[in-house]
């Protein structure tokens, strides 16, 4: 799939679902891909820009790995990842309870000014302790393919984030917050690198 087609897919998805707070699409395995910031947010009264690459990535992974998908499609003066309570998090809990979800991969966008390609948020290892080897496989694949990857820096996915809140409430949940530098996802000249990343994430998820 071309760079333009990937982002056209995202735009069409938002236009189709813009009247809904969020959308849930069913998959065939026990992995949930989450994209809470594919639209703009309001956090503590402050406007936050949408992380378009996060939704583009989430949609690709949904379409190519048989996983479940939840994606925010409307700004309702909220932040689905930051707020302690939200309709979005309620839907994740319903998926955990009714569809035997065991793994949550929460996709975010990292500002281009950051000095890394990928930030893996684990809350100091608390969110991935059920399967540390799974985390190691992802980290090693990224580093092997020359992605500058940091752990819990600058974001560790703690407190009320989707990853930590679900791990704290459901002991059978393994979760990771993956922040991808938007210079990779949003710039056409970096598409080769982005395509490589999509393949890495797809292969990693399908082997869970």
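Annotations
- FRET efficiency, residue 4 to residue 160 (Cβ-Cβ, R0 41 Å, nearest 0.05): 0.70
- Alpha-carbon Debye profile of region 3-206, log10 I(q)/I(0) at 0.09, 0.10, 0.17, 0.18 Å⁻¹: -0.29, -0.36, -1.18, -1.36
- Contact order normalised by residue count of the chain, Cα under 8 Å, 6+ apart, percent: 24
- Taking the DSSP beta bridges with both ends in region 3-206, the antiparallel portion is around 35 percent.
- Relative contact order %, region 101-208, counting alpha carbon pairs below 8 Å whose residues are six or more apart: 41
- Pairwise centroid distance, computed over Cα atoms, of region 106-146 with region 154-208, Å: 7
- Multiplying the residue separation of residue 111 and residue 203 by 0.36 nm and removing their Cα-Cα distance gives an extension gain of 30.6 nm.
Since every read-out is calculated from the coordinates, none of them should be taken as a lab result. Note that this is a predicted model, so its numbers are computed, not measured. In this analysis, Cβ positions are derived from the backbone assuming ideal geometry, glycine residues included, and neighbour counts consider all displayed protein chains.
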